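This report concerns only the one structure given below.
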Amino acid sequence: MLNTALMCLALNIYHEARSEDIASQIAVAEVTLNRVESTYYPDTVCGVVKQKNQFSWYWDNKSDKPYEKDAFKVSLDIAERMLLERDYYTVVGKDATHYHASYVNPYWAKKFKRIKKVGTHIFYKDEKK
């Protein structure tokens, strides 16, 4: 199931932000796609999503199957729109490459410049890159 750009992006949106509003889900998609365009990350959506220790849902040894069907339909719709019309939908912009839930404080956050909080996620950019 996890082998096309659409499915990889949809599953990332679903697992990272399915309980969030549309803006939050778009922001997660933006970070994923921004990484694809960066020379510091894999150059495919699936490569970015599957990169070791980058998205916790992929590396948590739990099933990646989307059980909330309605939420997954929304994730699929957002993923498709982002892949086809990305420049039309923007929440955090083309510089955002990292985010985390606001209820955690990861060690790496100090290395990046905070862009903004969207829903329960805080988004960052790397000013050195």
**OP:** With respect to VAL92, determine if the residue is under 22 Å from THR4 (Cβ atoms) and either under 16 Å from the mean Cα position of the chain (by Cα) or loosely packed, with under 14 Cβ neighbours inside 10 Å (or both).
**Re:** no
Subject >> Tally, over segment 6-21, of residues that are more than 15 Å from HIS98 (Cα to Cα), assigned to a helix (DSSP H, G or I) and either under 8 Å from the mean Cα position of the chain (by Cα) or not small (Gly, Ala, Ser) (or both) >> reply: 7
**OP:** Check whether at least one residue in segment 22-33 is under 22 Å from GLU127 (Cα atoms) and outside any helix (DSSP H, G or I), and report yes or no.
**Re:** no
Subject >> Residues satisfying the stated conditions in segment 22-48, i.e. in contact with a strand residue (DSSP E or B) (Cβ under 8 Å, 6 or more places away or on another chain), small (Gly, Ala, Ser) and closer than 24 Å to SER102 by Cα >> reply: ALA23, SER24, ALA27
Original post:
If you check ALA17, ALA71, which single one turns out to be on the phi < 0 side of the Ramachandran plot, among the hydrophobic types (A, V, I, L, M, F, W, C) and in contact (Cβ under 8 Å) with a residue 60 or more places away in the chain?
Top reply: ALA17
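A short reminder: the numbers here are calculations on the coordinates, not readings from a lab. The shown structure was predicted, so the numbers you read here are calculated from the model rather than taken from an experiment. All Cβ positions, glycine included, derive from the backbone under ideal geometry; neighbour counts span all protein chains shown.
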